[in-house]
Structure formats: C-alpha cells, structure tokens
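Heads up, the thing below is written out as structure tokens.
The values are calculated or read from the model by the stated rules, or taken from the named source; none is laboratory data. Here the structure is a predicted model, which means the values were calculated and not measured. Note that we place each Cβ from the backbone using ideal geometry, even for glycine, and neighbour counts take in every protein chain shown. Surface areas here come from the heavy atoms of the whole protein model, side chains and all, with no ligands, DNA or RNA. Shrake-Rupley method; radii C 1.70, N 1.55, O 1.52, S 1.80 Å.
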Amino acid sequence: MIRTIREFGRWLRIPLNRRQAMERLGEFHRAARSLDDIVRAAMHFGTKGKYRVKTTQIPSEIAALAREVERLKPRIVVEIGT
C-alpha cells in the first residue's frame with residue numbers, strides 16, 4: 001500500500017527510472033572495462049527511485065572475490081544475500 005505522496009511519486013516514475021537504468025547499463029557495456037571499473041560501477045549503479053543500487057562491501061574485497069571466481073572457473077555461482 002502506498003503510504004506517502006513521495007512514495008506514490010516514485011511508483012509513478014518506475015517506467016522512467018527503469019528506462020534510465022537500462023540506458024546506463026547499455027552505455028556501460030559498450031566499452032571494455034577493467035575489473036576495478038566494473039566493481040566500482042556495480043557498487044554505485046543506479047538512477048533515482050526504485051532502480052538504485054548501493055552496497056556496503058569493500059571494493060577491494062569484491063574485486064578479490066571476482067578474481068578468485070575467474071581463477072576457479074566454476075560452472076555455477078550462487079549469491080546468498082540478506
């Protein structure tokens with residue numbers, strides 16, 4: 001249930017926010033990026049409203065994990081979040 005006018009406005013803007021998010025993803029994937037660039041972008045990706053991503057992980061730890069996954073070349077990766 002929508003509780004506030006602000007929340008209602010965010011709900012109305014979902015299609016626009018989704019389009020902006022998809023455009024940003026498209027722009028990002030048009031160029032080759034280093035692992036550090038990818039981690040940085042993933043940690044701060046977002047537009048406004050419902051398509052915003054913020055993390056609390058330490059970037060160097062995420063990059064180290066990605067390097068280890070690349071080295072191991074697993075067939076399946078499962079992310080378990082809270």
Computed over the chain, the relative contact order (Cα-Cα under 8 Å, seq sep at least six) in percent reads 27 percent
Label model pair K73, R19: point-to-point distance (7 angstrom along the Cα→beta-carbon line) in nm is 4.3 nm
With Cα coordinates, the longest principal axis of the chain makes an angle with the long axis of helix 14-29, in degrees rounded to 10, of 20 degrees
Distance in nm between R30 and M43 label points, each 7 Å along Cα→Cβ, equals 2.6 nm
Rounded to the nearest 10 Å², the accessible area of E79 using a 1.4 Å probe with every protein chain kept is 150 Å²
For V39, V78, V69, the accessible-area ranking with a 1.4 Å probe, largest leading, is V78, V69, V39
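Say R0 is 25 Å: what FRET efficiency, to the nearest 0.05, do I58 and F8 get from their beta-carbon distance?
On the way: r = 36 Å, r/R0 = 1.45.
According to the calculation, E is roughly 0.10.
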Dividing the helical contributions, -39500 (n - 2.57) per DSSP H run of n ≥ 4, by the residues of the chain yields a 222 nm value, nearest 500 deg cm²/dmol, of -17500 deg cm²/dmol
Reported to the nearest 10 Å², F28 has, with a 1.4 Å probe, an accessible area equal to 50 Å²
The answer for the chain, accessible area per residue at 1.4 Å probe in Å², is 91 Å²
